[in-house]
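For reference, the structure discussed in these notes is given below.
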Amino acid sequence: MDQYLVFGNPIKQSRSPIIHQLFANQTQQQLNYQSKYVELNEFSATIARCIKTGVKGANVTVPFKEEAMALCNQLTERAQLAGAVNTLSFVNGEIWGDNTDGQGLVQDLLNNNVELKNSRILLLGAGGAAKGVILPLLAQLPAAIVIANRTIAKAESLITKFNNEKLSSCGFTDLNDEKFDLIINATSASLSGNIPPISNELVANTLCYDMVYGKELTPFLKWAKEHGAIKVIDGLGMLVGQAAESFRVWRNVLPEITPVLNILRKEG
Ligand code: NDP
């Protein structure tokens, strides 16, 4: 049976094995998918073993996404621009790398009937996750994407890298009273119970998305709701969406996201 893995450190929390098992059942594909903890200095040796033992593909999560990219013989454009890889395919002894995070986000926004064309988007954060979503968001033809980050230099370097007239950058406190249709929190602030310091007015009557997810509303979404956000969405749909796109890359069949998302939401 074809073997797939997800590598991370930590990895216990990963919901990828259950998601891929549900996709396999849904599409009647025969495959086995497991999570594996990898020591920080063991990543490249682990990948070499995968190739030797005939593993077909792997997902990569924190903190190995950049290291995975460096090992690849071939990269998709979206992986190159993201500067990180979350999906590896082992083909004839070679490593092919892709990044499906951005597609996962865009698909989840579309599934939630979010209008992206001509919209004004505020992207909070300039780390790996933010980088990965810029190209797929631009492909939806928004009017503008403003990237705001705690370390402004990082947001500025993204603007230089992508070189697209729709992109601009700033710090959180430069945002004044601009109006946005959609605010995407791509910072990891929610993980430590924090909220990017943007004004209450920015979230009023605006759709707010947090890439982080959990049993409860994330701190950012809770705050946005309290200050009049039209709708709040967490990142669980993005997680299932990026997994679906990885599954498509490996198996050439795109599974349905909604039934799997419904099961995960029920499980809590
Ligand atoms: P990185 O470590 O690469 O980047 C972290 C970002 O968060 C940086 O922009 C950093 O700013 C900012 N940040 C961290 N703490 C704070 C804070 N207290 N206040 C304001 N800004 C802060 O992480 P990733 O980009 O890889 O991931 C970001 C988040 O997205 C994570 O929480 C991750 O779990 C989530 N994610 C979810 C996915 C999904 O499928 N739902 C997929 C991928 C990621 P600075 O540059 O100044 O340090």
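The values are calculated or read from the model by the stated rules, or taken from the named source; none is laboratory data. Note that the coordinates shown come from a computational prediction; the quantities given were computed from them, not determined experimentally. Ideal geometry is used to build each Cβ from the backbone, glycine not excepted, and the neighbour counts take in all protein chains shown. To get the accessible areas, we keep the full protein, side chains included, count just its heavy atoms, and leave off ligands, DNA and RNA. Shrake-Rupley method; radii C 1.70, N 1.55, O 1.52, S 1.80 Å.
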**Study point:** Value of [θ]222 nm, deg cm²/dmol, for the chain, DSSP H segments ≥ 4, -39500 (n - 2.57) each, nearest 500
**Key:** -11500 deg cm²/dmol
**Study point:** Integer Hz, Karplus 6.51/-1.76/1.60 couplings in order for segment 156-170, x for Gly and Pro
**Key:** 5, 5, 5, 4, 4, 5, 7, 6, 10, 5, 7, 9, 9, 9, 6
Revision key, fill the gap. Charge tally for neighbours of Asn25 with beta carbon under 15 Å away, counting Lys, Arg as +1 and Asp, Glu as -1, is -1
Check your understanding: DSSP beta bridges in the chain, what fraction antiparallel, as a percent rounded to 5?
Key -> 20 percent
**Study point:** Set of aspartates and glutamates with alpha-carbon distance to Lys117 below 13 Å, sequence-local pairs under 8 removed
**Key:** Asp181
Practice item. Over the Cα atoms of segment 102-234, compute the convex hull volume and normalise it per residue, giving Å³. Key: 95 Å³
Practice item. Would you kindly give the portion of the calculated P(r) for the chain that falls above 25 Å, as a percent of all Cα pairs? Key: 44 percent
Point to revise | 25 Å Cα-Cα reach of Lys215 towards lysines, excluding residues that sit fewer than 8 places from it in its own chain | key: Lys12, Lys36, Lys225, Lys231, Lys266
Review point. Among the lysines, which fall within straight-line cross-link reach of Lys161, defined as a Cα-Cα distance under 19 Å, with same-chain neighbours fewer than 8 residues apart omitted?
Key: Lys65, Lys131
**Study point:** Point-to-point label distance, Ser192-Asn41, nm (Cα→Cβ direction, 7 Å offset)
**Key:** 2.7 nm
Exercise for review: Taking the Cα centre of the chain as origin, work out the dipole magnitude from +1 charges on Lys and Arg Cβ and -1 charges on Asp and Glu Cβ, in debye rounded to 20.
Suggested key: 460 debye
**Study point:** Heavy-atom accessible area per residue - segment 49-162, 1.4 Å, Å²
**Key:** 43 Å²
